[in-house]
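Below: the structure, in structure tokens.
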Amino acid sequence: MFGFNLSALLPYACRPLVVFSSLALTHLSPAAPVDDARNALVASINEVSTALRERPKQDDLIKLLDTLVDKHFAFETTTRLAIGPAWRDLKPTEQQNLTHLFSRLVIRTYADRVGGDSAPQIVYSAPTELRPGRVEIPTRVTSAGQTYAIAYRLDLDPASNRWRIYDVVAEGVSLIANYRSQFDPIIRKSGASGLIHTLELKLADATAR
């Protein structure tokens with residue numbers, strides 16, 4: 001349940017969560033061209049890679065990733081799109097609970113896989129504006145002798161004027177689409193309460209490990 005091979009997403013020794021933790025994006029004005037989003041992503045990945053290569057202890061690592069994800073990954077958008085049309089029928093408290101559980105589960109599932117002493121080689125392609133305030137930045141990442149195609153999809157957050165990741169597409173596989181296929185049957189069968197319960201169990205298991 002909730003399996004997603006994120007190995008293709010990694011800038012570090014093909015280990016999944018680094019994608020989420022390497023999304024720190026510098027402040028941009030709403031009128032900034034899409035190239036500014038690309039430049040911000042480049043600078044931020046370099047900054048976060050340096051921090052991760054300091055090999056923080058597990059508890060410190062989880063706190064670091066919690067902070068980075070909350071600040072730089074648009075998990076509310078990711079969760080909303082992963083749940084699909086059923087999101088509109090959820091209570092605000094259910095939406096908040098699902099967003100929190102989903103983001104924490106991702107962090108704890110992959111925290112023990114973060115590592116790598118050397119930075120990957122990353123080639124950034126020209127960004128594409130999907131619509132106003134939404135950009136896709138294709139990259140090719142070479143790590144441990146293997147090369148992967150990774151596209152980052154970013155939203156411009158109107159509240160903070162920051163570009164934040166809401167989806168990652170690795171070798172043509174979308175993070176959102178993958179989880180959508182896993183959430184749908186649970187929601188159809190058990191509703192929001194069933195999905196919340198499932199995420200709680202998965203989070204407890206990941207935390208215990």
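The values are calculated or read from the model by the stated rules, or taken from the named source; none is laboratory data. Here the structure is a predicted model, which means the values were calculated and not measured. So basically every Cβ, Gly included, is an ideal-geometry build from the backbone, and we count neighbours across all protein chains shown.
What the table below lists for this structure:
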quantity: Residue match in the range 129-149 (condition: among the β-branched types (Val, Ile, Thr) and surrounded by fewer than 18 Cβ atoms within 10 Å (Cβ to Cβ)); calculated: yes
quantity: Number of the exception - THR77 against (1) surrounded by 16 or more Cβ atoms within 10 Å (Cβ to Cβ); (2) farther than 22 Å from ARG134 by Cβ; calculated: (2)
quantity: Candidates ILE62, ILE83, ILE107 - the one that is crowded, with 16+ Cβ neighbours inside 10 Å, farther than 14 Å from ILE165 by Cα and modelled with pLDDT of 90 or more; calculated: ILE83
quantity: Considering residues of the range 152-191 that are outside any loop (DSSP other than H, G, I, E, B) and hydroxyl-bearing (Ser, Thr, Tyr) only, the residue farthest from PRO127 (Cα to Cα); calculated: SER190
